Amino acid sequence: MMSELIDNCPLCAGAKKSGITVFSVDLGFGVVMVRNVPATVCSQCGADWISDEVAQQLESIVEEAKLKHHQVEVSTFPLSAPAPMQ
Ligand SMILES: [Zn+2]
């Protein structure tokens, strides 16, 4: 079997692939959702894994959302690829 850097899903042994997931956290007073989060996703059961780097960025998004104190805050993950400004 050809496994490269990515190993198989520990839950179902399905193949992991890079993809996009939605991260959500309940802060008590409200919920923060971050869409478009880069993750490793199991192609079989849909379990996802987020890298430390991404997790750190999510943390700062959550911190920001806490300050806003909205009941529902939906963000889109700021991809590192340069976004066109115009
Ligand atoms: Zn799986």
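Things worth noting here:
- Cβ-based charge dipole, region 1-62, positive-most Cα from Val32, Ile20, Leu58: Ile20
- Sequence of Thr76, Thr21 once ranked by neighbouring C-beta atoms within 10 Å, starting from the fewest: Thr76, Thr21
- Counting DSSP beta bridges with both ends in region 1-73, the antiparallel % (nearest 5): 85
- Rg over Rh, two decimals, region 16-76 (C-alpha only, Kirkwood Rh): 1.02
- Cβ crowding within 10 Å, taken as a proxy for footprinting-reagent exposure, orders Ile61, Ile50, Ile20 from fewest neighbours to most as Ile20, Ile50, Ile61.
- Working from label points 7 Å from Cα in the Cα-to-Cβ sense, the Gln71 to Val31 distance is 1.2 nm.
Every number here is computed from the coordinates shown, using simple stated rules; none is lab data. All values derive from a computational prediction rather than experimental measurement. Positions of Cβ are backbone-derived with ideal geometry, glycine not excepted, and every protein chain shown enters the neighbour counts.
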